[in-house]
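*Asks:* Sharing a structure with you now.
Read the figures in this text as sums done on the coordinates, not as results from a lab. Just so it is clear, the structure is predicted and the values come from calculations on it, not from any experiment. Using ideal geometry, Cβ is built from the backbone for each residue, glycine included, and neighbour counts are taken over all protein chains shown.
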Amino acid sequence: EVKLLESGGGLVQPGGSMRLSCAASGFTFTDFYMNWIRQPAGKAPEWLGFIRNKANGYTTEYNPSVKGRFTISRDNTQNMLYLQMNTLRAEDTATYYCARKGRSGDYFDYWGQGVMVTVSS
Amino acid sequence: QITLTQQAESLWVSPGEKVSITCRASQSLLYTDGKHYLSWYQQRPGQTTKALIYHASIRTDGVPTRFIGSGSGTEFTLSIEDVQPEDIALYYCLQTLKKPWTFGGGTKLELK
């Protein structure tokens, strides 16, 4: 069974940093692109970026809205996905999800349950 | 970036009825491989987000056949036939043709 479990959220002050983690299980982690998506309360989701699979060199792509502040990485020995967030702003307050890209198409076939991040003084 | 517009913020439906949720893209989502890069998702409280449809019309594994994706170019529809109480949820479309990948604003399906 595919499982994605995010952790590391909470309250952070504006200008601060936070690292989110996503523990993956139930599939061959290195075979899949992995994504981060966020969703402010009551609003639509926003794709933040992905990290490619082993076959594609684990390279990354980002939404321009967070490029330069957010960094996606993965530890393939631990089946972990990470999102390092720097210089956080109030508008980064949201629930953050990790999601797997489908094998047979560009869509998100599995999502985690999400972790809340609140940026406030 | 490509904008997806879900005109209806809310739709009201009774169990057993058919409902259609539309998603309009600011440009065609047809790629040179002949596929449309449009997918649909369901969000229910307390559950993980569920992928329903990808490439505009392909149901993901385990999705009931009452969920039907259709459309082409810039206009797409998610139809739910014989709506069940468990279908009351938020529905989003997503385009993955061009980065940044973007979601529609969402349509909330509510019971009459």
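*Asks:* I'm trying to understand the selection: among the residues of region A:2-54, which are in contact with a Ser or Thr (Cβ under 7 Å, 6 or more places away or on another chain) and in a loop (DSSP other than H, G, I, E, B)?
*Replies:* A:GLY8, A:GLN13, A:PRO14, A:GLY15, A:PRO40, A:ARG52, A:ASN53
*Asks:* Please determine, by comparing only the residues of region A:94-112 that are of a type in the set (D, E, K, R) and more than 13 Å from the chain's Cα centre (by Cα), which one is nearest to the other protein chains (Cβ to nearest Cβ).
*Replies:* A:ASP106
*Asks:* Moving on to the next point. Are any of the residues in region A:73-86 farther than 15 Å from A:LEU5 by Cα, among the polar types (S, T, N, Q) and free of Cβ contacts under 8 Å to residues at least 40 places away in the same chain?
*Replies:* yes
*Asks:* Return yes when A:LEU48 is crowded, with 20+ Cβ neighbours inside 10 Å, touching a residue at least 60 places away in the same chain (Cβ under 8 Å) and within 23 Å of A:LEU11 (Cβ to Cβ) and no when it is not.
*Replies:* Taking the combined requirement at face value, the residue does not satisfy it.
*Asks:* The conditions are (1) outside any strand (DSSP E or B); (2) free of Cβ contacts under 8 Å to residues at least 24 places away in the same chain; (3) within 14 Å of chain B (Cβ to nearest Cβ), and A:TYR58 fails exactly one of them. Which is it?
*Replies:* (3)
*Asks:* Let me confirm something: among B:ALA8, B:ALA51, which residue is part of a strand (DSSP E or B), hydrophobic (A, V, I, L, M, F, W, C) and surrounded by 14 or more Cβ atoms within 10 Å (Cβ to Cβ)?
*Replies:* After applying the criteria, what remains is B:ALA51.
*Asks:* In region A:64-93, which residues are within 14 Å of another protein chain (Cβ to nearest Cβ) and in contact with a Gly (Cβ under 6 Å, 6 or more places away or on another chain)?
*Replies:* Residue satisfying the conditions is A:ILE72 alone.
*Asks:* Continuing with the same structure: Tell me, please, whether a residue that is small (Gly, Ala, Ser), surrounded by 14 or more Cβ atoms within 10 Å (Cβ to Cβ), within 13 Å of the chain's Cα centre (by Cα) and part of a loop (DSSP other than H, G, I, E, B) can be found in region A:113-121.
*Replies:* Checking region A:113-121: at least one residue is small (Gly, Ala, Ser), surrounded by 14 or more Cβ atoms within 10 Å (Cβ to Cβ), within 13 Å of the chain's Cα centre (by Cα) and part of a loop (DSSP other than H, G, I, E, B).
*Asks:* Which residues, taken from region B:22-47, are within 14 Å of chain A (Cβ to nearest Cβ) and either assigned to a strand (DSSP E or B) or surrounded by 16 or more Cβ atoms within 10 Å (Cβ to Cβ) (or both)?
*Replies:* Passing the criteria: B:CYS23, B:LEU29, B:LEU30, B:LYS35, B:HIS36, B:TYR37, B:LEU38, B:SER39, B:TRP40, B:TYR41, B:GLN42, B:GLN43.
*Asks:* Cβ-Cβ distance below 9 Å, separation of 6 or more or different chains: which pairs start in region B:85-106 with a residue that is within 7 Å of another protein chain (Cβ to nearest Cβ) and crowded, with 18+ Cβ neighbours inside 10 Å and end on one that is of a type in the set (D, E, K, R) and part of a loop (DSSP other than H, G, I, E, B)?
*Replies:* B:THR96/A:ASP106; B:TRP101/A:ASP106; B:GLY106/A:LYS43; B:GLY106/B:GLU9
*Asks:* Moving on. Out of the residues in region B:54-82 that are assigned to a strand (DSSP E or B) and of a type in the set (S, T, N, Q), which is surrounded by the most Cβ atoms within 10 Å (Cβ to Cβ)?
*Replies:* If we take residues in region B:54-82 being assigned to a strand (DSSP E or B) and of a type in the set (S, T, N, Q), then B:THR77 is surrounded by the most Cβ atoms within 10 Å (Cβ to Cβ).
*Asks:* Scan region B:92-112 residue by residue and report those that are in a strand (DSSP E or B) and within 15 Å of B:ILE53 (Cα to Cα).
*Replies:* Correct list: B:TYR92, B:CYS93, B:LEU94, B:GLN95, B:PHE103.
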